[in-house]
1. How large is the dipole of the stretch 147-285 about the Cα centre if only Lys and Arg carry +1 and Asp and Glu carry -1, each at its Cβ, rounded to the nearest 20 debye?
2. What does the net charge come to around residue 176 if you take all other residues with beta carbon closer than 10 Å to its beta carbon, with K and R at +1 and D and E at -1?
3. Mind ordering 171-182, 208-219 by average Cβ neighbours within 10 Å, highest first?
4. Suppose a student asked you for the relative contact order of the chain, using Cα pairs under 8 Å spaced at least 6 residues apart; what percent would you report?
5. Counting every Cα pair in the stretch 17-279, what percent are over 32 Å apart?
6. Residue separation times 0.36 nm, minus the C-alpha to C-alpha distance between residue 264 and residue 278: what's the value?
7. Using label points projected 7 Å from each Cα along Cα→Cβ, tell me how many nm separate residue 244 and residue 201, to one decimal.
8. Normalising by the residue count of the stretch 47-117, find the relative contact order in percent from Cα pairs under 8 Å and 6+ residues apart.
Amino acid sequence: MRRLLLLGLLFFIRPVQACTLWGAVGEAAGGGTLLAKNRDWQPDHVQSVRLVHPKQGAAYVGLYADDGSVPGLKAGANEFGLSVVGAMAGSLSREEREAQGGTRNLIGDILRKDHHIADVLARAEQRFSKSGPVFLLISDHSQLLQVEIGKDGRYTLQSQSQGVMSHTNHYLSDELADCNYKIGKSSETRLARIRSLLTNASAPYRLNDFATFSQDQNAGPDNSLWRVGREHTLASWQIATPANAPPLLSIRLANPKQPQLKKEWRLDQAFWQGATRVLLPAGSE
């Protein structure tokens, strides 16, 4: 009985896994868009980067959790220049998140079916009203779109063609503010920090600027953008999508007990002609 109580207590106090999302568009990105995600999770699994040619729909490159408690696609970019990153709605209570259903196939559905943000907007009602709570930041060659999905099929959309956007793990829109059961200190701290970095750095931002932001450890092991405390930053994803050129994708993998790996790919026609395969870690297939 005592062992069961201890296990239950450990499950109850398990920290909510988190991510930080940010982007720039238009003049702030030097034309086109920039999109980034730091993926934070318990260091109990490994990840890979894969090129995928599905049986139906667009080819895409994705960041995958290969095992662990919630495996699957965590960020991606398709052959049309549409990119999607996501973050958990950690400010809901655990019971509310579980009651609202899952989001596991949402990013893949967008990448396979949509070419532009206009397509995402056209499918918003059928897709987001049926999804569980999550936050998405989406880019194409000329726009950013922020999606907040709350409880009971409610969602908000915010798009822009100039400026910057950022998000962590709590609701920012007035319409869904009532979904914030508890806003975590880490979520508030990371949001303030990425906003500060975006404000104080000189625009237009470059891919290297976003990579530098991703490594920031200003607020210690648990509340920084790059985390090494109760949770670890296990991957960092940055993609630059110019208005009239192929995107450039940069990824840093920090799989537990493995050397960090960093690589860039130009997502041009030659890249998309490659077969379905694991790109990183090399030789892991």
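Read-outs: derived from the displayed coordinates by stated rules, not from any lab. Treat the numbers as computed from the prediction; the structure is a model and nothing was measured. Cβ sites come from the backbone with ideal geometry, for glycine too, and all protein chains shown count toward neighbours.
1. 440 debye
2. -2
3. 208-219, 171-182
4. Details: 651 pairs, mean separation 68.6, N = 285.
It comes to 24 percent, rounded to a whole number.
5. 14 percent
6. My answer for the length gained is 3.6 nm.
7. 2.6 nm
8. This gives 31 percent for the stretch 47-117.
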